[in-house]
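Computed from the coordinates by the stated procedures, all read-outs in this text should not be read as laboratory data. Computed from a predicted structure; not experimentally measured. Glycine also receives a Cβ, built like all others from the backbone with ideal geometry; neighbour counts cover every protein chain displayed.
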Amino acid sequence: MNLTLFIPLIEISIIALIVHYLLSFFWNTRAMDLIFGFLAFLLLFFLASWFNLPVLEKMMLHVVQVAVIAFFVIFQPEIRLALSKLSFKSRRYREISDLDKLIEILATSAYKLSQKHVGALIVLENQDSLDEYSSKAVQLQASLSSELLESLFETTTPLHDGGVIIRGMTIISAATIFPLADDSSQIARSMGTRHRAGLGISQLSDAVVIIVSEESGQVSIAREGIMTRGIKPDRFRGIIRSIFNPAPPTKKSRLQEWIKT
């Protein structure tokens, strides 16, 4: 069988998969406007070649050289996210030894703030480092407690704007600014910058993000670019535990114990 006959079919299939992935990923984002502009540019370039317009064709070639560089600069977050989605490496979640204490502090703080309709953005660092964002914020390096966490989001304090980054049982930074998500499908009209920032950092890292709505008092959790809204306390504890619960220690067999003795 001549395999060369299947090469065009294989190439077309690969190109179709790439185009489908790009369209599905960038749909309803600011990059979609650029894709439409690029398609219009290709049409214009084709017409210039078809009607033999050398000046226009040469000018458009120069524009392409500048546009490629501008694309990678302007849409660096989207490109980074698209490439991360292609990774076949499974996510590993950070193991927190004092997990019960962490869960109670987070649950107590989140739902106290919820009752008072005080907005909050709490980001739990996972395997991906968030030093890029914490270095530009107010450094705390303080031991985590519900009293401290709640006080940081009180509107009378200068640190209530932005988010808090928590690493293990330590508050790394406060008043932290995160990139906003462009995915409007998960953002209701009643949600503001806090929800967009929470969804945005969950898209760019494996962080677990807790958002308390100032308007509705709802508690939401965002991770891996997906936001779950209106979470009740019991479910809240279950989600955090399922993510950060350390693997149970493996039991030694009697043979291993006998060899050890």
- Item | Cβ-based net charge around residue 169, under 9 Å, with every Lys or Arg adding one and every Asp or Glu removing one | +1
- At what distance in nm do the modelled label points of residue 155 and residue 99 sit from each other, each positioned 7 Å from its Cα along Cα→Cβ? 3.7 nm
- Query: Once the Cβ-Cβ distance between residue 4 and residue 64 is put in as r, and R0 is 45 Å, what FRET efficiency do you end up with, to the nearest 0.05?
  - Reply: 0.90
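Can you tell me the order of 156-165, 10-19, 52-61, 208-217 when each peptide is scored by its average per-residue count of other Cβ atoms within 10 angstrom, highest first? Before the final figure, lay out the partial values.
Numbers: 156-165: 18.0, 10-19: 10.2, 52-61: 12.0, 208-217: 20.9.
Ranked by mean Cβ neighbours within 10 Å, highest first: 208-217, 156-165, 52-61, 10-19.
Over 22 Å between Cα atoms, which of 136/232; 112/232; 101/136 qualify? Walk me through the intermediate numbers first.
Numbers: 136/232 33 Å; 112/232 13 Å; 101/136 28 Å.
Where the Cα-Cα span goes over 22 Å, the pairs concerned are 136/232; 101/136.
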- Note on the structure: Fewest to most Cβ atoms within 10 Å: 111, 133 sort as 111, 133
- Item | Linear extension gain, residue 193 paired with residue 112, 0.36 nm per residue minus alpha-carbon span | 27.0 nm
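Excluding residue 159 itself, what net charge comes from residues whose Cβ is under 15 Å from its Cβ, given Lys and Arg +1 and Asp and Glu -1?
Values: positive: 136, 194; negative: 147, 150, 154, 161.
Local net charge: -2.
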